[in-house]
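Engineer: Before we start, here is the structure in question, set down as structure tokens.
Rule-based calculations on the coordinates, nothing more; no lab input. Since the model is a prediction, treat every value here as computed from it, not as a measurement. All Cβ positions, even for glycine, are placed from backbone atoms using ideal geometry, and neighbour counts span all protein chains on display.
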Amino acid sequence: MEEFLFKLLCIALLLILNVESACVSRTRKAWDNYSAADKKLFIKAITTAMDRGFYSDFLALHADQMTNQQAHNTCIFLFWHRIFLVGFENMLQSLAPEYACITLPYYDYIQHNLDYISQRCTDIQSCSSILRDLGGSSSTLPAAPLQTIRSYSFPGFRCIASPPLNHFCDGTDCMGCVPRGQWTSTYFNPDLNFNRVKQSIFSGTSMAMVTAAIELSPHDSMHDTLSGAMANLFVSPADPVFYGHHATIDVLLTIYHKCLVDDIGQEAAVVDDQRVFEGCTVGSRAITAASRVFMRSSRLKNIQKFFDGLPMQYGGLIDATKLGNSSYTYELSGLLGTLFTDCKAAGTRQRSSRKLTSAYGHVVHPLSSDDGETFMSWRRAIFDAAMEQKIPNVEDEVEKIMVMLYEFCLPGKVTDYSDAFKKQWGIARVRPSKALLDAIQDGTNPIRISNWTSINEKYYQCPGNK
Ligand SMILES: [Cu+2]
């Protein structure tokens, strides 16, 4: 009897320890690294959130005009979306004990663009398991006539009703579907490639510049590429892919901040350093690091509790690992892992300046695929040629040569955003990769590396000029 009780006690103890240790770290991973069981659980949590109404409460907050205006095209775009995502993640975790350790997956389209240029996949749906697993873009069960979300209509788009979208409701209006583009005939564009992503993180000299670069591209580019509800500035969170996309954008903020810490150490926690935080004016309102995070929505009261304990000033959100009980880290591998570790030196001939860098609690795996090696060798070949030919600003040349590969060697074409998209998102410029293509072709910004087509031939079996 005693032995039996002892065993029972041991089992109970193990169970408690197990439950606790399973949640000790809040680590977000790429969807591609989710197990089948992880994926199933995440989709079930999204479905539950839709059924219970919280999903659409978060949608309502993002769709509020004043909130939306502060959250986009401003200096705090990255921080506002960071707290929005953490609140959403807290909500998912609260839905039932089985979801207590759930974290948001990120959509690793930087890696998928490597798969695309390596011709392992063609369209965005074949490249990205997250798009397929979250319902894809083909099924329209049942025939779904209602395509309005919060008064926004989506003429010409199919309303996709595969799980988990069949549970989608906006308040009491249960559409049971979400409008999506034709993902099986949509292709990646170079704005989503490692080269542009790296440039967007590292070419600015202040936080506002970096924020603007990340927001324009890759962020806006991905919204436009996915199309349908995702291309709507206000109601894009109707599509669960939104959260995967924005988790990736948050990864970029995390990489930027980590590399800044490598560079300037403790000062990276000082919010009056403009590399760390930079204010701006929205409407007539000045936003500083001390400003309270702006959130307005008639349904805010339903979800307010999910933001409890979080820093509610923008300046408190600079470091994801310092958010109290909601602190979190990332598991990064492939190209994002390389970017995190090597920062500006990633994919160059330079050595990373800080070899003893700590990962600050993030889990980082080195790049280890043949495709990754080929890509890095292609980059290094361009760096070598530039050195030989004494050509400066090599990253610009790398980008230009890649744009030509996308245009002439891969299934898609390099195009601009649609006019309607630009208008709603307040984008005044041509998509960066399209602007680059035009400038190469009209001779205003030609590729300066003389043997660039043979470098493309060597690594990608295609010259890229025709
Ligand atoms: Cu947004």
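Engineer: Using Cα-only point scatterers and the Debye equation, what is log10 of I(q)/I(0) for region 226-348 at each q in 0.17, 0.20 Å⁻¹, rounded to two decimals?
Structural biologist: -1.18, -1.39
Engineer: At R0 = 25 Å, how high is the FRET efficiency between ALA36 and TYR152 if r is their beta carbon distance? Nearest 0.05 is fine.
Structural biologist: The computed FRET efficiency comes out at 0.10.
Engineer: So, one more: Would you kindly compute the Cα radius of gyration of the chain and its largest Cα-Cα separation (Dmax), both in Å?
Structural biologist: That works out to 22.7, 88 Å for Rg and Dmax.
Engineer: For a quick check: with amide H placed at 1.01 Å from N, whose amide H comes under 5 Å from THR27's, ignoring anything fewer than 5 positions away on the same chain?
Structural biologist: So THR27 has HN proximity to THR329.
Engineer: Moving to a separate point now. With charges only on Cβ, +1 for K and R and -1 for D and E, what is the dipole size of the chain about its Cα centre, in debye, rounded to 20?
Structural biologist: Its charge dipole is roughly 400 debye.
Engineer: Here is a follow-up. Once amide H atoms are built 1.01 Å from N in the peptide plane, which residues 5 or more positions from LEU104, or in another chain, come under 5 Å H to H?
Structural biologist: Those qualifying (amide H under 5 Å, at least 5 residues apart or on another chain) number zero.
Engineer: Assigning unit charges at the beta carbon (Lys, Arg +1; Asp, Glu -1) and nothing else, what dipole magnitude in debye, to the nearest 20, does region 170-324 show about its Cα centre?
Structural biologist: Values: 12 positive and 16 negative charges, 79 e Å.
Around 380 debye, computed over region 170-324.
Engineer: Further, regarding this structure: When only alpha-carbon atoms count, how far does region 371-460 stretch along each of its three principal axes, as whole angstroms with the largest first?
Structural biologist: 44, 28, 19
Engineer: Using modelled backbone amide H atoms (1.01 Å from N, in-plane), which distant-in-sequence or interchain residues come within less than 5 Å of VAL364's amide H?
Structural biologist: Counting only residues 5 or more places away or on other chains, the set is LEU332.
Engineer: Just need log10 I(q)/I(0) for region 60-103 at q = 0.23, 0.26, 0.28, 0.31 Å⁻¹, Debye formula, equal scatterers on the alpha-carbon atoms, no solvent, rounded to two decimals.
Structural biologist: Debye intensities relative to I(0), on a log10 scale: -0.76, -0.84, -0.91, -1.01.
Engineer: Using only the Cα atoms of region 109-227, build the gyration tensor, take square roots of its eigenvalues as a ≥ b ≥ c, and label the shape rounded, prolate or oblate: rounded if a/c is under 1.5, else prolate if a/b is larger than b/c, else oblate.
Structural biologist: Verdict is oblate for region 109-227.
Engineer: Please work out the FRET efficiency for the pair SER454 and THR415, using the Cβ-Cβ distance as r and a Förster radius of 30 Å; give the result to the nearest 0.05. Don't skip to the answer; put the middle values down first.
Structural biologist: Numbers: r = 27 Å, r/R0 = 0.91.
Given R0 = 30 Å and the Cβ-Cβ separation, E is 0.65.
Engineer: Once phi is turned into ³J(HN,Hα) by the Karplus curve 6.51 cos²θ - 1.76 cosθ + 1.60 with θ = phi - 60°, what whole-Hz value does each residue of region 31-39 show in order, with x for glycine and proline?
Structural biologist: 3, 5, 9, 7, 6, 4, 5, 4, 5
Engineer: Using Cα-only point scatterers and the Debye equation, what is log10 of I(q)/I(0) for region 160-280 at each q in 0.12, 0.18 Å⁻¹, rounded to two decimals?
Structural biologist: Normalising to I(0) and taking log10 leaves -0.55, -0.94.
Engineer: Here is a follow-up. For every helix of n ≥ 4 consecutive DSSP H residues, a contribution of -39,500 (n - 2.57) applies; sum these over the chain, divide by its total residues, and give [θ] at 222 nm rounded to the nearest 500 deg cm²/dmol.
Structural biologist: -14000 deg cm²/dmol
Engineer: Could you tell me the distance between the Cα centroids of region 396-454 and region 267-338, to the nearest Å?
Structural biologist: Rounded to whole Å, the Cα centres lie 33 Å apart.
Engineer: Looking at this model, which pairs from LYS301/LYS322; LYS40/LYS198; LYS198/LYS322 are more than 28 angstrom apart at the alpha-carbon?
Structural biologist: LYS40/LYS198
Engineer: Considering the convex hull of the alpha carbon atoms of region 29-125, report its projected area averaged over all viewing directions, in nm², one decimal.
Structural biologist: 7.9 nm²
Engineer: Something else about it: In angstroms, what radius of gyration and Dmax does region 263-323 have, counting Cα atoms only?
Structural biologist: When restricted to the Cα atoms of region 263-323, Rg and Dmax are 13.8, 43 Å.
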